[in-house]
1. So which chymotrypsin sites (Phe, Trp or Tyr not before Pro) in the range B:79-148 pass both tests, a DSSP loop state and at most 10 other Cβ atoms within 10 Å of the Cβ?
2. Could you work out the relative contact order of chain A? I mean the mean sequence separation of Cα pairs under 8 Å and 6+ apart, divided by the number of residues, in percent.
3. Averaged across the residues of A:25-36, what count of C-beta atoms belonging to other chains lies within 10 Å of each residue's C-beta?
4. Any idea how far the Cα center of the range A:208-262 sits from the one of the range B:70-94, in Å?
5. Lysines near B:Lys32 by alpha-carbon distance under 19 Å, same-chain residues fewer than 8 away left out - which ones?
6. How much of the accessible area of the protein assembly as shown, probe 1.4 Å, is carbon plus sulfur, in whole percent?
7. Rounded to the nearest 500 deg cm²/dmol, what is the calculated helix-only ellipticity per residue at 222 nm for chain A, with -39500 (n - 2.57) per DSSP H run of length n ≥ 4?
8. Set the Förster distance to 60 Å, then compute FRET efficiency between B:Arg48 and B:Val229 from the Cβ-Cβ distance, nearest 0.05.
Amino acid sequence: MAPKFQGVDFYDVDGLLSEEERAVRDTVRAWVDDNLMPVIAEHYLEGRFPKHLVPQMAELGLFGANLPEEYGCAGLNHVAYGLIMQELERGDSGVRSFASVQGALVMYPIFAFGSEEQKRHWLPKMAAGEVIGCFGLTEPDYGSNPAGMITTARETKSGWILNGAKMWITNGSTAHAAIIWAKTGQPDDVESIRGFIVPTDTQGFSAKDQKGKLSLRASDTSELVLQDVCVPKDAVLPKSAGLKSPLLCLTQARYGIAWGAVGAALACYDEAVSYAKARVMFGKPIGAFQLQQARLAEMLTEITKAQLLCLQLGRLKDQGKVTPQQVSLAKRNNVSMATDVARETRRLLGANGILAEYQAMRHLANLESVYTYEGTHDIHTLILGQEITGLNAFN
Amino acid sequence: MKIAVCVKRVPDSETRVKIASDGKSLDETGVKFILNPYDEFAVEEALRRKEQAGSGEVVVVSLGPAAAQETIRTALAMGADRGVLLEADRVPVDGLEVAKALAAELKNGGYDLILFGKMAIDDYNHQVGPMVAELLDLPCVTAVAHLDIAGQRGTAEREIEGGVETVEFPLPAVLTTDKGLNEPRYPALKGIMAAKKKPLELKRAALGAGGLEVLGLTPPPQRKDGKVVGEGPAAVPELLRLLREEAKVL
Ligand SMILES: Cc1cc2nc3c(=O)[nH]c(=O)nc-3n(C[C@H](O)[C@H](O)[C@H](O)COP(=O)(O)OP(=O)(O)OC[C@H]3O[C@@H](n4cnc5c(N)ncnc54)[C@H](O)[C@@H]3O)c2cc1C
């Protein structure tokens, strides 16, 4: 049996966590070791999401874990939630993506913009994993610029009619319900964007698996087509109003991604260290050579910085003081950092580093998606640039 | 059904322990402590018995330092109802002292079952469960790998060399649990949050001096590097020669 993952904690960051936060982390860590690690390589190679794990994840309480208990959720603070994301992504970004979408992009908007009836109807079922959700914002022609979306929702006497297409939608083919963002007004009216809860078995709704992915292979990514999809009046999220509503969801998810990326980096670093000590070349372990030591020292330094960044970000969020720009900085830094750590680990492992039997290349490939989704690295640079200068460089 | 589960805080089997400068104890800095893995089977079994019975109480008892509250809370997070910590700065090396303190606590508790892990992974003594049984004058079955309870009687299976032994016993009884008895649950996140609110009573452990003293701890001898004799069938004769002449095992 593979040894249990021990984590990396050079600065006693554990000492800054509460007992419950550590207990949550340790539970998810053990669950990942026992249930995800043994199957992830094969699912990745076959391009399948390990769907059989969903009931277990629900049983543990991983979905929407930072939402209140009255809706069937675990009611954890944001640091504990972040630690869950870290541990899941230590296993695989695809599994973390599933949980991110379910919690931060589907349950969160229902919680934040939904009516009391919608919350009572959907959230407990989603927390229990009985209803899987997806989040449709990106369109074929509108990625970094969702304001330009052309999906429309027209109000009729009895409800709404949705038309349009959504691209790159995580959980798209697996989902029972989709949160669809659409314009209810003129094509240039960004303020008219609203969110809709659309059951995926509604007539006119179809999802097609995105084929040929070389990244996030253990995750379902799909294209959605909505052709005259009729939903009742109460399908709209009543408190959603304008582009800022989906952007608020993205801030929630990006927060989790900042933590998740650290998890992927931890997995790679751990692999790099054990390999460097075990692999003998030129008569000694490769870890005894300065070049490899420099690699490892760099990784440990960057991981430690990212851990502290996440923790303070989480504490700010728990105090209700976090800004979207602070979340952007952490997403941007940590995903880029993790991608570097994964790449350096892959290289340190030599030929073995290209195998699915090891983790580095899988994480490296995954992180290229993470680098792009939820606001590309570049877009977060522009967000920070605007924050610093007050000048908008988007268009 | 009222069940007591006795649990111990032990160093994680995955952490590398160092011997402290006194040469007699472990250096605890940087060591992660966990709920003794064999005790997890006991906690799980208690929870299942209570769930099956539809009512009852699972009480977790530990003797250890203040930090063992965290160990107790792990069991509470799994679903136990309340905890008792018999606080002691150090867990005595003499198992009998631990057993006496636990027996005093358990004596008037009205428990139908008292469960222990078959041993603690730090000292490997296998002692405390049977000792408590003896002190309380209760039947004891050790290393239980399968358990059936009907009314006031139980049947337990234990794995023994080359076979399985089946033992019948009346309740109340003391059992120690072995791997294979069940698959311990993970503490769910809601359970972790709920554990904070469950009662955990702190008492000072009444401990005697005991009759054992640790004179010294030594790490196992370093393993010498292996030797590659050759590859494939061609290496077999040389391997046989070395096993015979150098290792003298054939
Ligand atoms: C695996 C995966 C899962 C996804 N899951 C979801 C999901 O569940 N729901 C959802 O709605 N979306 C999802 N997405 C979509 C994702 O959010 C978009 O891919 C992302 O926003 C980028 O959009 P794009 O791919 O159209 O790239 P583009 O916007 O076309 O960008 C192309 C390049 O141009 C750069 N660029 C764009 N604008 C500027 C600018 N103003 N200045 C400088 N450079 C710029 C970008 O940084 C990038 O390098 C997912 C994507 C992937 C890969």
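The values are calculated or read from the model by the stated rules, or taken from the named source; none is laboratory data. These figures come from a predicted structure and were not determined experimentally. Reconstructed Cβ throughout: ideal geometry from the backbone, glycine too, with neighbour counts over all protein chains shown. Ligands, DNA and RNA are stripped out before the accessible areas are found, and what is left, the full protein with its side chains, is counted by its heavy atoms. Shrake-Rupley method; radii C 1.70, N 1.55, O 1.52, S 1.80 Å.
1. On the way: sites: B:Tyr111, B:Phe116, B:Tyr124; in loops: B:Tyr111, B:Tyr124.
Qualifying residues, ordered by number: B:Tyr124.
2. 17 percent
3. Details: counts 0, 7, 9, 2, 0, 3, 1, 0, 0, 2, 1, 0.
The per-residue average across the peptide is 2.
4. Distance between centres, Cα-based: 44 Å.
5. Here the lysines satisfying the reach criterion relative to B:Lys32 are A:Lys4, B:Lys8, B:Lys18.
6. Values: 16020 of 30090 Å².
Of the solvent-accessible surface of the protein assembly as shown, carbon and sulfur hold 53 percent.
7. On the way: 12 runs with 185 residues, N = 395.
Using -39500 (n - 2.57) per qualifying helix, the result is -15500 deg cm²/dmol.
8. Details: r = 51 Å, r/R0 = 0.85.
So, using R0 = 60 Å, E works out to roughly 0.70.
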